[in-house]
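Everything on this sheet refers to the single structure shown next.
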Amino acid sequence: VRLSLLRAPRPSSFTRFGRGTWLVPPCTVTGDGSISIGDDVCVMELAAIECSGRLSIGDGCRFGRGLHVSCSTEVRIEDHVSGSDHVAVLDATVVEAGAYLGYGSVVGPGVRVGRGAYVGEGAVVVDDVPAHTVVFGNPAVVVQA
Amino acid sequence: VNLRRRAAELRRDVALARATVRDLRPPPPSAFASFGARSWIVPPARVSTPSSIHVGDDVVILEHAWLSVVAAVDGIVPSLRIGDRTRIGRLAHIACVGEISIGADVLTAERVFIGDTYHGYEDRSLPIVQQPMAHPRPVRIGDGAFLGVGSIVLAGVTVGEGGYVGAGAVVVDDVPEHAVVVGNPARRVR
């Protein structure tokens, strides 16, 4: 992956860049890791993706502005995960299918967000989130199982 | 073949840049329900359904605002009102499917989120992104209130006149007039 400042990174920089996928500029992608992005993904402007490890983003993911992914080992974002603005996904994190990351939430490092979980606005997730639960707060706690 | 691919990528870059520039240009004042004198929405900004947005006089909304006003719930016409002399910092995100009113002389710092709804999550068979928005609850920000950097005001909250929301606060309960709240979840400290 080459340094790409303030423009859409070119699909050829990725190990996979799905059909109908958009990284809206300005967007920075840095590091020498491998990045795979599925089909029909949209990441809005001002994203910053640092990857010196392995990052995979599944099909149909939607993120708002200012997404930050920091990946020095492995980060996996599964299919149909969505997020609002200013979401940070840190190293060694797995976000399972269909989960939602609220505005300004921070996930990780080293956590697993279960299938269909709702991470509340502004939550700071430092422990695993069980599937289909709602977490809020800093540190995030389960408010609805 | 390599050259052809590079040409295709270049065309894609240009198309994307064009689309982005188009999306990030605020609509003209005439497109709004009302738009006061000497008010500015500084581009780039994303504004949807300006016909449901009332902007008072001498309002300043700084770069990268996202006024996301959407008729997403059946039978509800959304309405966003921003009062006179209110100043909204960069990267504000206002998600309105029902009713949000921001008073006069309100000041917000950067990266503020105000929302009257959230993504529904009740249906376990669907990804949350494909579920409908929750029924909105009105949000009101009183005259002269202040919202700190990165603060979040969630559905149903009323911030009273002169209320002070600290940086990074996540407000889930009403803030009384002239009260100071901080933290996540926000609690009253004064």
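The numbers here are math on the coordinates, done by the rules we state, and not lab data. Being a predicted model, the structure only gives us computed values, none of them experimental. Note that each Cβ is placed from the backbone with ideal geometry, even for glycine, and that neighbours are counted across all protein chains shown.
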### Task
Evaluate the charge dipole of the protein assembly as shown about its Cα centre and quote only its size in Debye, nearest 20, assuming +1 on the Cβ of each Lys and Arg and -1 on the Cβ of each Asp and Glu.
1200
### Message
Could you tell me which residue out of B:A179, B:I114, B:P138 lies farthest along the dipole of chain B toward its positive end? Charges go on the beta carbon: Lys and Arg +1, Asp and Glu -1, centred on the Cα centre.
### Response
B:I114
### Task
Let me know the mean shielding of B:15-23 by other chains, meaning the per-residue number of their Cβ atoms within 10 Å of its Cβ.
3
#### Entry: Cα gyration tensor category, rounded, prolate or oblate, for chain A with a/c compared to 1.5
prolate
### Query
In whole Å, what is the distance between the alpha-carbon centres of the stretch A:67-145 and the stretch A:19-66?
16
## Note on the structure
Over the protein assembly as shown, the sum of -39500 (n - 2.57) across DSSP H runs of at least four, divided by residue number and rounded to 500 deg cm²/dmol, gives at 222 nm -2500 deg cm²/dmol
### Task
Among DSSP beta bridges lying fully in the protein assembly as shown, give the percent that are antiparallel, nearest 5.
10
### Query
Looking only at other chains, what is the average number of their beta-carbon atoms within 10 angstrom of each beta-carbon in B:152-158?
2
### Cα→Cβ-extended label distance, 7 Å offset, between A:C42 and B:D174, nm
3.7
### Per-residue ³J(HN,Hα) for the stretch B:44-53, Karplus 6.51 cos²θ - 1.76 cosθ + 1.60, θ = phi - 60°, Hz, x for Gly and Pro
x, 8, 9, 10, 10, 6, x, 5, 10, 10
### Summary
Taking a ≥ b ≥ c as the square roots of the Cα gyration tensor eigenvalues, with a/c under 1.5 meaning rounded and otherwise prolate when a/b beats b/c or oblate if not, the stretch B:69-142 comes out prolate
### Query
Roughly how many Å is it from the Cα centre of the stretch B:137-176 to that of the stretch B:1-41, as a whole number?
32
### Query
Among B:V73, B:V171, B:V14, which one shows the biggest mean-square fluctuation in a GNM of chain B, springs joining Cα atoms closer than 10 Å?
B:V14
### Task
Rounded, prolate or oblate: pick one for the stretch A:48-130, where a ≥ b ≥ c are the square roots of the eigenvalues of its C-alpha gyration tensor, a/c under 1.5 means rounded, and failing that, prolate if a/b is larger than b/c, else oblate.
rounded
### Difference of contour (0.36 nm per residue) and Cα-Cα distance, B:R11 to B:E63
16.0 nm
### Summary
FRET efficiency (B:A71, B:D123; Cβ distance; R0 25 Å; to 0.05) is 0.70
### Query
For the stretch B:75-190, what is the percent of antiparallel DSSP beta bridges, rounded to the nearest 5?
10
### Task
Note the angle between two axes, namely the Cα long axis of helix B:2-23 and the longest principal axis of the Cα atoms of chain B, as a number of degrees from 0 to 90, rounded to the nearest 10.
30
